[in-house]
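Here, each number is a calculation from the coordinates, and none is a lab measurement. Predicted model only: the values in this text are computed from it and were never measured. Cβ: placed from backbone, ideal geometry, glycine included. Neighbour counts: every protein chain shown.
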Amino acid sequence: MIGEDAVLQVAELRTTFFDRGKPREAVRGVSFSVRRGEILGLIGESGSGKTVTGLSILRLLPEHAKMEAESIRFEQHELAGMPDSQFAALRGTELAMIFQDPVGSFNPVKTIGWHLRHAMARRQDSNAISAKTWQTDPLLLLDEMRIHTPERILDAYPHQLSGGMLQRVLIGMVLALRPRLIVADEPTTNLDNLVERQILDLIRHHQRRLGLSVLFITHDLTIARDLCDRIAVMYAGEIVEMGPASAVLDDPQHPYAASLLRTARSLEQHEATLFELPGEPGQDARQRSGCRFAARCPSVMSPCQIDDPPLVRVSPQHHTRCLLHVQ
Ligand code: SF4
């Protein structure tokens, strides 16, 4: 049953890709919830399964992938097993996604004004609103996205805008849909530092103002610390640690989460010898028995090679998947 304050509750999500018929597991047994009005950060190295998790929830996987789940509860809807036609009515209205590269979200032969009007028309209750608000008027919306020359932007085509400007417009389009949940996949990765800060401020401002729930996918721990209320750390397709952002980032319990933080700290402090986690989280980790992190873990023990660690509670809201914490 969905928790009272959860907008999204995912149970036992599993996604497999098929490479010439050969299965390649990307995500295994992932369970988490996104609460009303919170930003849940999904973090991990590239290939950890965080983006695939977001794409799986929104049914945006390529054809050679298969997603299964015990349950994906979104508000009053059960998404697992919902017919595509029914799901299509939710995606792009109540469930929305902000991609890393905004270009793919725009039709290159249509103006920005056309895109904003199109997004506004998708709102289910748009006919019921007569007063102009920033979510129903393209000019006011661009102003809300802190774009200083909205009239000029309305007539522009996507290729005429910078990446940062296009990402602001995309965020505006998504907010005009008034979604209940946004999945944001590394939305600032290709932007310079100043523009990145501005976009993150914009997301936080509107998230708080509208009480939005956001699943924020990132590999950047500084962003996760600044933006997220809770964090789930993924490794080789599994969640290995989950809890309040301060608990996970200040007192990580899983050796992988601790290594990620040590690497980030080493970079931030410009240490002469950067700490680097040895090895890579390749497909091998997903095929081995026992703990998937064992080949890279500085605390590995003999049972780690055999036993699959369960996700255990280390404090009321903080969980980790490590045999060091199993009584
Ligand atoms: S279960 Fe063992 S190998 Fe896995 S993270 Fe814990 S100590 Fe390391």
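By the Stokes-Einstein formula, at 1.306 mPa s and 10 °C, region 108-177 with its Kirkwood radius over alpha-carbon pairs has D equal to 133 µm²/s.
Candidates SER33, LEU142, ALA264 compared by Cα position along the dipole of the chain: farthest toward the positive end lies LEU142, with charges placed on Cβ.
One way to sum up the overall shape of the chain is the equivalent ellipsoid from its Cα gyration tensor, whose semi-axes run 36, 22, 18 Å, largest first.
Test of understanding: ordering ASP229, ASP307 by Cβ neighbours within 10 Å, fewest first, what list do you get? Intermediate results must be reported in sequence, preceding the final value.
Details: ASP229 17, ASP307 14.
The fewest-first ordering by Cβ neighbours comes to ASP307, ASP229.
The stretch between SER246 and ARG20, if pulled fully straight at 0.36 nm per residue, gains 77.0 nm over its current Cα-Cα span. For the listed peptides 179-187, 16-24, a ranking on the average number of other beta carbons within 10 Å per residue, highest first, reads 179-187, 16-24.
Calculated mean residue ellipticity at 222 nm for the chain: -9000 deg cm²/dmol, from DSSP H runs with n ≥ 4 weighted as -39500 (n - 2.57), summed, divided by the residue count and rounded to 500. Would region 1-123 count as rounded, prolate or oblate if I go by the C-alpha gyration tensor, calling it rounded below 1.5 in a/c and otherwise prolate when a/b exceeds b/c, oblate otherwise? Taking the square roots of the gyration eigenvalues as a ≥ b ≥ c, region 1-123 is oblate.
Net charge dipole, region 108-177: roughly 140 debye, given to the nearest 20, about the Cα centre with Cβ charges of +1 for Lys and Arg and -1 for Asp and Glu. Measuring nothing but how far apart in sequence close Cα pairs (under 8 Å, 6+ apart) lie, relative to its length, region 108-177 scores a relative contact order of 51 percent.
Give the shape of region 58-193 as rounded, prolate or oblate, defined through the alpha-carbon gyration tensor: a ≥ b ≥ c are the square roots of its eigenvalues, a/c under 1.5 means rounded, and otherwise the shape is prolate if a/b is larger than b/c and oblate if not. In terms of gyration-tensor shape, oblate.
For VAL240, the residues whose modelled amide H falls within less than 5 Å of its own, excluding neighbours fewer than 5 places apart on the same chain, are VAL233, MET234, TYR235.
Kirkwood radius and radius of gyration were both taken over the C-alpha atoms of region 196-321, and their ratio Rg/Rh is 1.01.
When the Gaussian network model of the chain links Cα atoms closer than 10 Å, the mean-square fluctuations of TYR157, TYR235, TYR256 top out at TYR157. With a cut-off of 9 Å between beta carbons, the residues surrounding SER33 carry a summed charge of +1, where Lys and Arg count +1 and Asp and Glu -1. Our coupling estimate for region 213-218, obtained by passing each phi through the Karplus curve with A = 6.51, B = -1.76, C = 1.60 and θ = phi - 60°, is 9, 9, 9, 10, 9, 7 Hz, Gly and Pro reported as x.
Of all lysines in the structure, the ones whose alpha carbon falls short of 19 Å from that of LYS22, not counting any fewer than 8 places away in one chain, are LYS66. Can you give the local net charge around GLU196? Use residues other than it whose beta-carbon is closer than 15 angstrom to its beta-carbon, Lys and Arg +1, Asp and Glu -1. In short, -2. Taking GluC sites (Glu not before Pro) across region 199-278, the ones in a DSSP loop with at most 13 further Cβ atoms lying within 10 angstrom of their Cβ are GLU271, GLU276. Relative contact order of the chain, taken over Cα pairs closer than 8 Å and 6 or more residues apart, is 20 percent.
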